[in-house]
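Notes for the one structure printed next.
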Amino acid sequence: MLIEEMEDTKTVRLNKYLADLGVAARRKIPEVLGQGRVKVNGVVAAGPGQRINPDRDEVLLDNKKLSAPQKIYLALNKPFGIVSTTSDELGRATIASLVPRKTRLYPVGRLDKDSTGLIILTNDGQLSNLLSHPRHHLPKTYEVGVTGCAGEYQLQKLREGIELKEGRTAPAKVQVTANLPKRTTLEITIWEGRNRQIRRMCGKVGLTVVSLKRLSIGPVKLGYLKAGQWRELSQAEVEALIVGYRV
């Protein structure tokens, strides 16, 4: 099953492929193609929507062969107030500003502006698609600070699943790591990726989230990375992300 899914994700739209290689901004790619400067397997490209397999197809720009850049896999500790996109139309600071790279990287597992912690960045579209596919439930663990004292009834509700407008969440793993009079710290593991899921789940049981930090995505741990710092994933971590889909 994994091999079949990997094969399905190998083809990409030509405009995206060219933009990722830095040939031009995506909105400018049709102009480049219209000039007949791009060939796929010796034939002038049909248009921006043409699908290619970078592993099999030869793509030429001005009769010079293009090749995909070396694959990059990074773990980043997203600071508070940074948006987890590579560009923002409102002019807000993005994670792209924290990782100065010529190669365009895409976030896997976004966090909202007010959340912090682990985000994986990569230019590997195949792995990104696998990690984001709703069929596969990659465990993600968070440190969650809530106001007040979380009662056992509330914790059990979170563990069983919460009814949200788009449907019931899958059961979560929840444990208390610190219990103070005015604040409780929880460690919550979920296997889904719904928008603001943990904040919404906690809100449904009367808990207000005041801090949220992602600690891990599958086998990749945040570890001792400070806010704004990043590191390269090890080969073992990358392989573990892929192997996790064999189950």
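Some points to look at:
- Ranking ILE120, ILE82, ALA19 by how far each Cα lies toward the positive end of the dipole of the chain (charges on Cβ) leaves ILE82 at the top.
- In Hz, Karplus ³J(HN,Hα) per residue of the stretch 178-192 (6.51, -1.76, 1.60; θ = phi - 60°; x = Gly, Pro): 7, 10, 10, x, 10, 7, 10, 10, 10, 10, 10, 10, 10, 10, 10
- Packing, as the average of other Cβ atoms within 10 Å across residues, places the peptides 120-132, 39-51, 146-158 in the order 120-132, 146-158, 39-51, highest first.
- Under Stokes-Einstein, with the Kirkwood radius over Cα pairs as Rh, the value for the stretch 2-66 at 25 °C and 0.890 mPa s is 205 µm²/s.
- The fewest-to-most ranking of LYS221, LYS65, LYS16 by surrounding Cβ atoms within 10 Å reads LYS65, LYS221, LYS16.
- Debye intensity ratio in log₁₀ form over the Cα atoms of the chain, taken at each q of 0.12, 0.17 Å⁻¹: -0.79, -1.28
- Mean ellipticity per residue at 222 nm, deg cm²/dmol - from DSSP H runs of n ≥ 4 across the chain, formula -39500 (n - 2.57): -6000 deg cm²/dmol
- Local net charge near VAL238, Cβ-Cβ under 10 Å (Lys/Arg +1, Asp/Glu -1): -3
- For the chain, size of Cβ-based charge dipole, Lys and Arg +1, Asp and Glu -1, in debye: 620 debye
- Gain on full extension, evaluated as 0.36 nm per residue between ALA46 and LYS173 minus their Cα-Cα distance, stands at 40.7 nm.
- Cα-based convex hull volume of the stretch 103-247 per residue, rounded to whole Å³: 126 Å³
- Residues SER211 and LYS28, FRET efficiency given R0 of 35 Å [Cβ-Cβ distance, rounded to 0.05]: 0.25
- Cα-based Rg / Dmax (Å) for the stretch 1-123: 16.7, 49
- For GLN156 and SER97, the difference between the fully extended length at 0.36 nm per residue and the C-alpha to C-alpha distance is 17.2 nm.
- In plain terms, if you count all Cα to Cα distances in the stretch 140-217 and split them into 5 Å steps from zero, the share in each step is 3, 17, 32, 28, 15, 4, 1 percent.
- Other residues lying with their Cβ under 13 Å from the Cβ of ARG13 contribute a combined charge of +2, Lys and Arg counting +1, Asp and Glu -1.
Each reported figure results from applying straightforward, stated rules to the coordinates on display, with no laboratory input. Being a predicted model, the structure only gives us computed values, none of them experimental. Don't worry about glycine lacking a Cβ; one is built from the backbone with ideal geometry, like all the others, and counts go over all protein chains shown.
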